[in-house]
1. What cysteines in the chain have no other cysteine with a beta carbon less than 4.7 Å from their beta carbon?
2. Could you please put Lys812, Lys465 in sequence from largest to smallest accessible area, using a 1.4 Å probe?
3. Mind ordering 829-840, 614-625 by average Cβ neighbours within 10 Å, highest first?
4. Would you be so kind as to identify which of Ile194, Gly109, Thr149 lies farthest towards the positive end of the dipole of segment 105-221, taking Lys and Arg as +1 and Asp and Glu as -1 on Cβ and the Cα centre as origin?
5. Distance between the C-alpha centers of segment 321-384 and segment 656-713? Whole Å please.
6. Decide, for segment 699-856, between rounded, prolate and oblate: order the square roots of the alpha carbon gyration tensor eigenvalues as a ≥ b ≥ c, take rounded if a/c falls under 1.5, and otherwise choose prolate if a/b is larger than b/c, else oblate.
7. Starting from the coordinates of the alpha-carbon atoms of segment 61-144, obtain the Kirkwood hydrodynamic radius over all distinct pairs and give the value in Å to one decimal.
8. Quick one: Cα centre-to-centre distance for segment 776-852 and segment 715-737, in angstrom?
Amino acid sequence: MTAGAEGESGPAAPEDEPPLIRRGNPPRWGSGLALTLGGLLLGVANLLGTYGPRAGVAIGFAAAVVTAVGLLWLLGSFDDDDGSQAVPLQRLAPGLAVTAAGALGTLLGLRLAVAGALGPTAAGALIPLAFLGAVAGVGLTLGALGVFTDGAPFYRREGFWLLCIATLVLLPTLGAHSLFDPWETHYGEVSREILARRDWISLWWVNEEWFWSKPILGFWMQALGMATLGVRYEPGGMLAATQEGSIPYPEWAVRFPFFLVTIGATYVLYKAIASAFGRRAALFAGVCVTTMPQWFLLSRQTMADMPFVAGMSAALGFFLLGAHAQGDARVRSFAVALGGRRLSLSAHQLVLGVVCLIVVPQVIYLLTRNLTLNVDPRFGLRVPPIRAVTDAFTFGSAGNCGVMPGNKACVTAAPVYPKVLPALQALVWAAALGVVLFLEWGERRARRLYFLAAFVCAGVATMGKGPAGLVLPGTAVLGYIVSTKRYRLLLDLELSAGTTAFCAVALPWFVAMWTRHGWPFVDRLIFHDMYKRAFDHVHDTNKSEDVSFRYYVWQLGYATFPWVAWVPAALARAQRDDDGGDEHRARRGTIALLAVWFIVGFALFSYMQTKFHHYIFPAVPALGLLAGLTAHATLDVGAKAATSARSSTTVLAVCGAMLVLLVGRDLALARPDQPSDARLLHLFTYLYERPWPQHLSFSAWFWAFSAAAAACLLATAFERVRRFAVTAFAVVAIAFAGWTLDVYMPRAAPHWGQRELVLSYLQASKDEPGPLVAYQMNWKGENFYTGNQIANFKETGEAFRAWLAARRREGKTTVYVVLLPRRVDALATELGEPKELVRLTTPELNNKFALYRARL
């Protein structure tokens, strides 16, 4: 359907005054409402059921999809008709079959790996191949639809190969090693409690009770992963399959959602760069970002940072795509012949469908907080089958409260503001969704839809780490508009629909938490964990370090290795404006946005008083894209280039080689207070003075990669081998990323986590049963890997001795204890001359924690 025939009624608007709200196709009230109500009823019934999250998540997803399709069907979104010939469904069948097979293979492989039926080596081969099969299937389907205007098959497109490289770098050993204490295990345990407590709003952590330190997105991602992939999230169940002969890997479940958002953000950034610089340059830029250590390391850390940065990066990528689109250009629609019907598919459904898939589950969940099944214990379901109730939730750890030492008794809690009913909140967010759908009902302009997608991604980033998810991309966009003087873009930003969509996506959980827990929640999350971190020292671990401007300059050297060689030239390029006339406006604007993105991020986090090495991460993607574009530009410096360009390339080659060797020296040589090997881990870990295992040394590897990168850089000074040298440098970066994730991380992980200790306990307790005690521990792995079914004595003394005395009276004399090795003397004293106190693990297995068996 053309832009001028979209069902407007009344007098035609003048051509120079387009309608404020573009009306779309005639609504399909009957079938659209039926699908929508069917999906909503399925979702409500699912949440009122008693079968638990494992089946509930899958059914809930199906309900959200049905509801989203119903809403789009109601809008007539599938009825666009541009006169093109419809593609028969049979032509799409091969691509759809390959996609389905790849997706099912990925799901099956992940479930088998989580259960322990598929070992790390087999899982590391089969899961990436299945995932890439699904990607190839999508490529086949898009090719059959005619999406690729140049007619090239998917396997000849740079975007496909970028996804292949990213997958083969990030995925093979994703779940093959322990979660890292304290953040991964901390957030993993909070996510496990979501499923065990069946509460998707209020978060629980045993040592803090209510957990208010981070927004919700990362916890939802992990909980959804655990429920979908079959993790035993019940107390004591996380690694319990070990006693049945299998070795489970729940790490696949909690990390895989983070891989997905990483891949998604990478591809959006690729498309944004390609729209200005072309696909080959975008491939270089994408490879550069993917192989920067802080990017690929945080892609497999279940922390709040990657969901936040991925959402922010995607928001800026979509903004660039919108800014580069022609003002009134419409999105392409692709017709599919399905039986006797013609269905139109376009980005309109994709963008609005994603909004629905995010908002609808939140609406349904809030609605069911005020509903329950009307069940009589003797006679079953009553009439009416559903009755209204007030919202109530549980204080305590499911299955452990009042049972395991360190856990308070469970009690039922009530909201601080009970009059602000969850059902009322659901109606507000449903209305907001309705406003977005109405405003975008007839919108088919590509620029507007890209900008709406940017608002949605900013909402996702805000769900990940708070207001910075809107502030940072908003500042970068403002810098772009000012530097390019494209102020008219402000009129195209879809501010009404965009801000409404942002609120509907990002705010429901924040509002629900405020109504339940009141201002103490706001004080902790907003003022303590956000405001005070910016202006004061919170959890500071850098008291002996230089935390001035130099701090993040130093860390960015490691965070961008080996691409650090290109960083100075990339920043210098960002200051130039020599790309020509108006035809290069997209390139100049892209460089301006990336420069503002990096400068604002670097300035903000350098100013902040609380500093961790990973706090600079939001600035890394911009720096990676700039460095990748600079490396790609070097490919085209040939014999016909200006003398100044050839000279600067030679200078870059020499200086870059020196810089990469300087940073490589830091990685390979130890300093007095810390071995060099730990510097990569310090890009995401906590307490940087923790000891490195004495038997591990990767110095030779760091020297080898540094030398290889430096040799490639020096070779770029010679025109005859320049293209080969730049490409070889990218290969070295890919190899370094793969080595770090597949060799360095699996070998270091046992010393920064507690997976191996808990496995050792489970094996030992098969022969000699006894409970596991966490003695003066607060490193979180002891809680996650046991499902919090552990005697938790964070502070010992009388309570611990009383518990031991009770066990003696019962004749239960064997206990297992996990602790820091330096505290074993204090443990022996409190045990009161035990018959035996034997260390069951060695420093070679774990050099930070130890497992002891005590016989009282």
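The values are calculated or read from the model by the stated rules, or taken from the named source; none is laboratory data. Note that the coordinates shown come from a computational prediction; the quantities given were computed from them, not determined experimentally. Positions of Cβ are generated from backbone atoms using ideal geometry, with glycine treated the same way; all protein chains shown enter the neighbour counts. These accessible areas exclude ligands, DNA and RNA; they are computed on the full protein's heavy atoms, side chains included. Shrake-Rupley method; radii C 1.70, N 1.55, O 1.52, S 1.80 Å.
1. Cys164, Cys288, Cys356, Cys457, Cys503, Cys655, Cys712
2. The ranking, largest first, comes out as Lys812, Lys465.
3. 614-625, 829-840
4. My answer, from the dipole projection, is Thr149.
5. Rounded to whole Å, the Cα centres lie 48 Å apart.
6. prolate
7. 15.2 Å
8. The two parts, judged by their Cα centres, are 53 Å apart.
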